[in-house]
Amino acid sequence: MLRKLPLLLLAILFISSAAEAQRPYRILIKDGHVIDAKNNINEKMDVAIQEGKIVRVAKNIDTALAVQVVDAAGMYVTPGLIDLHAHVFYGFDPDSYLSGGTVAVLPDQSTFRSGVTTVVDAGGAGWRSFPTFKKNIIDVSKTRVLSLLNIVGEGMRGIEKYEQNVSDMDAKKTAEVALANKNDVVGFKVAHFTGSEWTPISRGVEAGKLANMPVMIDLNTLFISIEELFTKYLRPGDIYTHTFIQSSRGVVEPIVDLKTKKFKPFVLEAQRKGIIFDVGFGGGSFNFNQALPALKAGFYPNTMGTDLHQGSVNGAMKDQLNVLSIFMAMGMKFPDMIKASTWTPAQVIKREELGNLSEGSLADVAVLSIRDGNFGFRDVAGNRFDGKQKIDCELTIRDGKIVYDLNAIAGLINQSK
């Protein structure tokens, strides 16, 4: 087959291969402002990549040493973002909700264009359905897909039919499947239970103790006190999602009192004791009337999970960078948001090889820009909030390969000797 190729093409291929062999860096991200919370970097630096790893972070790295140069001048270079709360167990069964159903999204369609290189599916699969999730989604996606295993064996197949079935909440079997799949499972999820009993939460925490993994709690009931949840059930490192929810149906206790408009101080105390508070914006779980008083009181989310699914990607949420843009408009500092989207979630799921740009770490990188202008943001109730800046993803690198390049800032392969 090679003999049929034009001689010029063969020559180009030969020169390109020779160029790669002679240069120590496959990709050099040049002149960007690096933000890496793990290594306390917040300044202009260059980042060099070779064989899927970060090999050097330094000032003024010579472009002649790289096969390909990314011009990141005026942009921010961060670790690949981690979305701690997504629903990517997509399938073709319209009756299976977020466990092999059409309400979930395919990860690669929604991640790289937002600088996200890792998503954590939050409870779509239970111990019964995990093998299907692994085969159909985890093993075939370019995005790194991890799982918070649902305490319900059937996963999120349907709130009324499956997720109220306490008899299918088996802590031991759930933990066993998690431990047998430690490369893919990073914790557990309790969600959508509408009753007044604590059994689902108790069994989720029990699974967490058996496997030494965190548990994410998604409340769907007003019968449970969040103060009691924080003080009596959750452990340091466990996650409370939909932090800024103010349901129109009043089904979850909010963190800001609806009558006094005051932030509840026990929430901040729970955070100080180690409970992780995730945004979990979604299609119905973020309200400015909760977020603004909380931030004013000095309470900020630990992680910036999106609750990504078909009902949120075209609504107020959109994507992780839109969520970050909203929090930036409300006053959260950009480096703090990047930490909450990279190093903190990596620590929460105990995957500290992710979320940083340390030399030798996996080369998952996002190159972001901030646009100035007049922008409008909404919460799930339709309230509007104005902002002066918006974050865009310019380029994403996953495992040392460019997978998204919005404005062609990656240069041509350097073929000169």
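No value in this document is a laboratory result; all are computed from the given coordinates. Worth saying up front: this structure is predicted, and the values here are computed from it rather than measured. Reconstructed Cβ throughout: ideal geometry from the backbone, glycine too, with neighbour counts over all protein chains shown.
May I ask you to order 62-68, 383-389 by the average number of other C-beta atoms within 10 Å around their residues, highest value first? Write out the running numbers ahead of the final one.
Working: 62-68: 17.3, 383-389: 12.7.
In decreasing order of mean packing, 62-68, 383-389 become 62-68, 383-389.
Be a star and scan segment 116-131 for residues whose amide nitrogen sits under 14 Å from the point 7 Å along the Cα-to-Cβ vector of D139.
Of the residues in segment 116-131, 130-131 have backbone N under 14 Å from the label point off D139.
Helix 7-22 versus the longest principal axis of the chain: what is the Cα-based angle in degrees, 0 to 90, to the nearest 10?
70 degrees
Apply the Karplus curve 6.51 cos²θ - 1.76 cosθ + 1.60, θ = phi - 60°, to the phi angles in segment 143-153 and return the couplings in whole Hz, x for Gly and Pro.
So the Karplus estimates, Gly and Pro as x, are 5, 6, 10, 10, 9, 9, 6, 5, 5, 7, x Hz.
Work out the charge dipole of segment 80-348 with +1 on the Cβ of Lys and Arg and -1 on the Cβ of Asp and Glu about the Cα centre, then indicate which of T132, L295, T117 is farthest towards its positive end.
Most positive-ward Cα: L295.
Would you please give the FRET efficiency between T132 and N374, computed as 1/(1 + (r/R0)^6) with r the Cβ-Cβ distance and R0 = 35 Å, to the nearest 0.05? Walk me through the intermediate numbers first.
On the way: r = 46 Å, r/R0 = 1.31.
With R0 = 35 Å, the Cβ-Cβ based efficiency is 0.15.
With unit charges on the beta carbons (Lys and Arg positive, Asp and Glu negative) and the dipole taken about the Cα centre of segment 80-348, which residue among Q310, L81, N165 sits farthest to the positive side?
L81
Starting from the Cα-Cα distance between K401 and K232, subtract it from 0.36 nm times their residue separation and give me the gain in nm to one decimal. Kindly include the intermediate steps, with their values, before the conclusion.
Numbers: separation 169, 0.36 × 169 = 60.84 nm, distance 4.54 nm.
The span from K401 to K232 would gain 56.3 nm if fully extended.
Select from segment 127-184 those trypsin sites (Lys or Arg not before Pro) which occupy a DSSP coil region and have at most 14 other Cβ atoms within 10 Å, ordered by residue number. Show your work: numbers first, answer last.
Numbers: sites: R128, K134, K135, K142, R144, R157, K161, K172, K173, K182; in loops: R128, K142, R157, K161, K182.
Listed in order of number, the matching sites are K142, K161, K182.
Just one of (i) 18.4; (ii) 21.7; (iii) 23.2 is mean projected area of the Cα convex hull in nm² calculated from these coordinates, so which is it?
Here mean projected area of the Cα convex hull in nm² agrees with entry (ii).
So what's the back-of-envelope 222 nm ellipticity for the chain, counting only DSSP H runs of four-plus at -39500 (n - 2.57) apiece and dividing by all residues, rounded to 500?
-6000 deg cm²/dmol
Check each of the chymotrypsin sites (Phe, Trp or Tyr not before Pro) in segment 148-216 and keep only those in coil by DSSP with at most 16 other C-beta atoms within 10 angstrom; list them in order. Intermediate values should be presented prior to the final figure.
Values: sites: Y162, F188, F193, W198; in loops: Y162, F193, W198.
Sparse-neighbourhood loop chymotrypsin sites (Phe, Trp or Tyr not before Pro): W198.
Per residue of segment 269-279, what does 6.51 cos²θ - 1.76 cosθ + 1.60 with θ = phi - 60° give for ³J(HN,Hα)? Whole Hz please, x for Gly and Pro, Karplus curve as stated.
Taking θ as phi minus 60°, the curve returns 5, 5, 5, 5, 7, x, 6, 8, 10, 9, 5 Hz for segment 269-279.
What is the distance in Å between the Cα centroid of segment 341-356 and that of segment 131-204?
21 Å
Using Cα centres only, tell me the gap between segment 361-385 and segment 266-326 in whole Å.
Between the Cα centres of segment 361-385 and segment 266-326 lies a distance of 13 Å.
On full extension of the chain, what length is gained from F223 through L210, given 0.36 nm per residue of separation minus the C-alpha to C-alpha distance? Intermediate values should be presented prior to the final figure.
Values: separation 13, 0.36 × 13 = 4.68 nm, distance 2.71 nm.
Additional length available on full extension: 2.0 nm.
Beyond a 31 Å Cα-Cα separation, which of these cross-linked pairs lie in this structure: K161/K262; K296/K401; K172/K339; K261/K318; K182/K388?
Values: K161/K262 37 Å; K296/K401 41 Å; K172/K339 34 Å; K261/K318 27 Å; K182/K388 43 Å.
Over 31 Å Cα-Cα: K161/K262; K296/K401; K172/K339; K182/K388.
Efficiency by 1/(1 + (r/R0)^6): what FRET value for K59 and K182, r their Cβ-Cβ distance, R0 = 41 Å, to the nearest 0.05?
The formula returns an efficiency of 0.60 here.
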